[in-house]
Amino acid sequence: MSSHTSAPVAPAVTGYRDLLRITEFTGLYAGFALTGGATTLSGFALGTLVGRQTHSPFLTAVSMYGATFAAVLGALTLMSVADGRRPRRTLVVLHCLTLLGVAAQAIPGLPLAGRFGLLLVLGFFQSLGTGTRMGLLAEVVPDSAYAPARSLMNITSGGTAVVGFALGAVLLRQLSPYQVFGLAAVLTALGLVVVAATVREHSIRLTRRPGLRQTWTTNVALFSSPGQRVLLVNLWIPNGLVVGCEALFLSYAPDRAGTLLAAGSAGMLLGDLAVGRLLTAEQRRRSAFALRLLLAVPYLLFVLHPPTVVLTVAVFVASAGFAATLPLQEQLLALTPDPVRGQVQGVESAGRMTWQGLGAALAGGAAQYLAPAVVITVVAAVSLAVTVLSRSAVERARPAR
């Protein structure tokens, strides 16, 4: 019998409003949104600062997205802290460390080497915070509400990124990067206060002390499980490769890239909203394969160089396929023992972020030698092949009854 217990909430959670009536979920959600906004503002400010000082596109890109690779370090070393016996305290401590790191970026005389070092440290702490937060999420909402909760967080993540970049661009016309770092620190502090004030402690956790050995023990068990392994492959690789397609929009059509990126963001948000809010768990499960196909198939059109309106619609439709992560995450959660839910979800999130970076790097590298349209089509075809070839294994990845 499962030892998992949820916070005392009303049994029927049918939508986002019901979720937001759960105090602990609201606290986790608000802390997540504020931290996400702070991360976006801080990354944009750092990228601007590095760009002005070095005039290097490579260093500028690394400064904005380099924290992604630190997430892998967190997944491989100390992600077991996400399932420690006092997750609320862990999350608060990680928030405090993140606040110190963001505030340190506001120091005007800090060398670039120090800023990049802080970037990696912040990425490490943020990956551990993600695992801890998602472990708590599985405890503060009923299992039936997990997919809507993740859907709302996914929508918010995309929304805060769009708003954060737009707001950062406006602010940096009036403020220095250091002042924007200060604003990011304020948002981080607000997130810390909200979490500390609303989230209670949970005790359905590991009996062994978290650390490197415990992290590796759980990771070995995770990747030794055929069901969990194939789910991680489908959560990471098809998505990451399609992000690689998106990374080539500027190379494919510089004057239309903004339109295509906006269409992709809109499609992703709509897909998460529809799948998380309108479909039942069984309908999500049945739609998962079709959504993974939808993610890649429209990109095959790029090789034909169709008109902009056709490409815009294709990217919009394809991006709705990112919602396939929701049923796959539900499936992964069902296969995960309660005491290690935080670590497994942290590994899933870190791996997905890393594969998005790898997808962009692989596609960009190939585009040095081949036409962007050809690379987009080939990368989409590989994403499609992974989905089709692993379909039966994904279908078999179910908990024992």
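Please treat every number below as a calculation from the coordinates, not as lab data. Because the structure is a prediction, the values reported are computed rather than measured. Cβ coordinates were reconstructed from backbone atoms using ideal geometry, including for glycine residues, and neighbour counts include every protein chain displayed.
Worth a mention:
- Magnitude of the charge dipole, the chain, Cβ model with Lys/Arg +1 and Asp/Glu -1, debye to 20: 680 debye
- Cβ-Cβ FRET estimate between Arg256 and Gln368, R0 fixed at 22 Å, reported to 0.05: 0.55
- Projected label points at Thr54 and Leu175, each 7 Å from Cα along the beta carbon direction, are separated by 2.4 nanometres.
- Between the C-alpha center of the stretch 305-354 and that of the stretch 170-202 there is a gap of 27 Å.
- Residue separation of Leu20 and Thr308 scaled by 0.36 nm, minus their Cα-Cα distance, works out to 99.7 nm of gained length.
- Gyration tensor verdict on the stretch 253-401 (Cα atoms; rounded if a/c is under 1.5, prolate if a/b is larger than b/c, oblate otherwise): prolate
- Residues Asp18, Asp255, sorted so that the one with the fewest Cβ neighbours within 10 Å comes first: Asp255, Asp18
- Helical contribution to [θ] at 222 nm, DSSP H n ≥ 4, -39,500 (n - 2.57), averaged over the chain, rounded to 500: -25500 deg cm²/dmol
- Counting only whole DSSP H helices of the chain, the ones at least 30 Å long by C-alpha along their axis and with mean Kyte-Doolittle hydropathy no lower than 0.0 are 23-54, 112-140, 146-174, 177-198, 226-247, 257-278.
- In plain terms, the residue of Arg150, Arg213 with the fewest other Cβ atoms within 10 Å comes first and the most crowded comes last, giving Arg213, Arg150.
- Spatial separation of Cα centroids for the stretch 102-138 and the stretch 362-401, in angstrom: 31 Å
- Normalised by 2.2 N^0.38 Å, where N is the number of residues, the alpha-carbon radius of gyration of the stretch 67-204 equals 1.13.
- A simple charge model with +1 on the Cβ of Lys and Arg, -1 on the Cβ of Asp and Glu and nothing else charged puts the dipole of the stretch 225-401 at about 500 debye relative to its Cα centre.
- Residues His305, His95, His202, arranged from fewest to most other Cβ atoms within 10 angstrom of their Cβ, appear as His305, His202, His95.
- Over the Cα atoms of the chain, the radius of gyration divided by the Kirkwood radius equals 0.95; this is the Rg/Rh ratio.
- Using only Cα coordinates, the Kirkwood hydrodynamic radius of the stretch 137-284 works out to 19.6 Å.
- Only the Cβ atoms of Lys and Arg (+1) and of Asp and Glu (-1) were treated as charged; on that basis the dipole of the stretch 12-220 about its Cα centre amounts to roughly 340 debye.
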